[in-house]
Amino acid sequence: GAVVSQHPSWVICKSGTSVKIECRSLDFQATTMFWYRQFPKQSLMLMATSNEGSKATYEQGVEKDKFLINHASLTLSTLTVTSAHPEDSSFYICSATNLQTSNQPQHFGDGTRLSIL
Amino acid sequence: GENVEQHPSTLSVQEGDSAVIKCTYSDSASNYFPWYKQELGKRPQLIIDIRSNVGEKKDQRIAVTLNKTAKHFSLHITETQPEDSAVYFCAADTNAGKSTFGDGTTLTVKP
């Protein structure tokens with residue numbers, strides 16, 4: 001159980017394009033989803049915490065107008081990278097949990113490799 | 001906020017030897033400590049976890065110890081195998097479910 005699906009797994013697009021990444025919990029209700037960014041050979045850096053039905057909480061240094069997060073249902077959160085530029089190229093990973101039933105652990109999606117040309 | 005330090009950053013062992021990775025945390029409110037294994041380009045996979053009311057937990061070749069007073073916890077892998085080679089991350093979580101990750105340890109098991 002506790003499967004999280006992330007789509008797409010790989011995106012290549014031109015500079016200036018907006019890219020949407022979806023994170024779905026397939027067999028449980030996710031009250032909370034987290035979005036991470038990971039550069040090569042580095043750790044997971046939390047970008048924002050997304051709670052169902054409310055605005056996301058962004059970590060310091062993360063531009064909320066650049067990285068739009070929507071968590072409209074208990075099974076879906078989306079991250080939109082607006083007007084993407086080469087420096088936005090990275091590996092983006094979501095995770096999901098239900099804090100009402102068990103506040104741990106997080107269940108991770110497979111990640112999205114974003115390459116901006 | 002929470003700060004998690006992880007050591008060593010790289011670790012190379014011979015097949016069959018043991019590997020130990022150590023982490024320290026700063027926030028005494030952290031109460032859950034998962035360990036993840038991540039292979040290149042893949043998702044982090046939970047391999048073992050421990051809650052703050054427990055001092056030690058073991059699952060076959062993997063064990064984790066927690067010292068709440070000293071705020072440190074360790075991952076122990078015995079009888080290492082080449083397929084154990086990966087990057088390992090420790091993390092510290094609060095009740096809000098928010099994880100702070102260590103910088104990772106690249107483990108290489110030489111056959």
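Just one of A:SER115, A:SER54, A:SER83, A:SER73 is closer than 20 Å to B:LYS98 by Cβ and among the polar types (S, T, N, Q); which is it?
Of the residues listed, the single one that is closer than 20 Å to B:LYS98 by Cβ and among the polar types (S, T, N, Q) is A:SER54.
For B:THR94, state whether it is at pLDDT below 95, surrounded by 14 or more Cβ atoms within 10 Å (Cβ to Cβ) and among the hydroxyl-bearing types (Ser, Thr, Tyr).
Yes; evaluated as a whole, the condition is true for this residue.
Across the stretch A:39-54, which residue is farthest from A:LEU99 (Cα to Cα) among those that are open to solvent by 80 Å² or more (accessible area, probe 1.4 Å) and facing chain B (nearest Cβ under 9 Å)?
Among those residues, the one meeting the criterion is A:LYS41.
Listed here are the residues, each with its yes/no results for (1) small (Gly, Ala, Ser); (2) buried (at least 21 other Cβ atoms within 10 Å of the Cβ).
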{"position": "A:ALA56", "(1), (2)": "yes, yes"}
{"position": "A:ASP65", "(1), (2)": "no, no"}
{"position": "A:THR75", "(1), (2)": "no, no"}
{"position": "A:THR78", "(1), (2)": "no, no"}
{"position": "A:ILE93", "(1), (2)": "no, yes"}
{"position": "A:ASN98", "(1), (2)": "no, no"}
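Within chain B, which strands (runs of 3 or more DSSP E) (wholly inside it) include 1 or more residues that are within 14 Å of chain A (Cβ to nearest Cβ)?
B:4-7, B:10-14, B:19-25, B:32-38, B:45-51, B:56-59, B:62-67, B:86-93, B:99-101, B:105-110
Residues of the stretch B:72-85 being in contact with a Leu (Cβ under 7 Å, 6 or more places away or on another chain) and either open to solvent by less than 10 Å² (accessible area, probe 1.4 Å) or without any contact (Cβ under 8 Å) to a residue 12 or more places away in the chain (or both), which ones?
Of everything in the stretch B:72-85, just one residue is in contact with a Leu (Cβ under 7 Å, 6 or more places away or on another chain) and either open to solvent by less than 10 Å² (accessible area, probe 1.4 Å) or without any contact (Cβ under 8 Å) to a residue 12 or more places away in the chain (or both), namely B:PHE73.
Might you let me know whether the stretch B:16-28 holds any residue that is loosely packed, with under 13 Cβ neighbours inside 10 Å, at pLDDT below 95 and not β-branched (Val, Ile, Thr)?
Yes.
Look at B:ASP27 and say whether it is in contact (Cβ under 8 Å) with a residue 12 or more places away in the chain, more than 27 Å from A:ALA2 (Cα to Cα) and out of contact with any Phe, Trp or Tyr (no Cβ under 6 Å at 6 or more places or on another chain).
When the stated conditions are applied, B:ASP27 passes them.
The values are calculated or read from the model by the stated rules, or taken from the named source; none is laboratory data. Note that the structure is a prediction, hence the values are computed from the model and not measured. Because the Cβ atoms are built from the backbone with ideal geometry, glycine has one as well, and the counts that use them run over all protein chains shown. When the accessible area is computed, the model is the full protein with side chains, heavy atoms only, and any ligands, DNA or RNA have been set aside. Shrake-Rupley method; radii C 1.70, N 1.55, O 1.52, S 1.80 Å.
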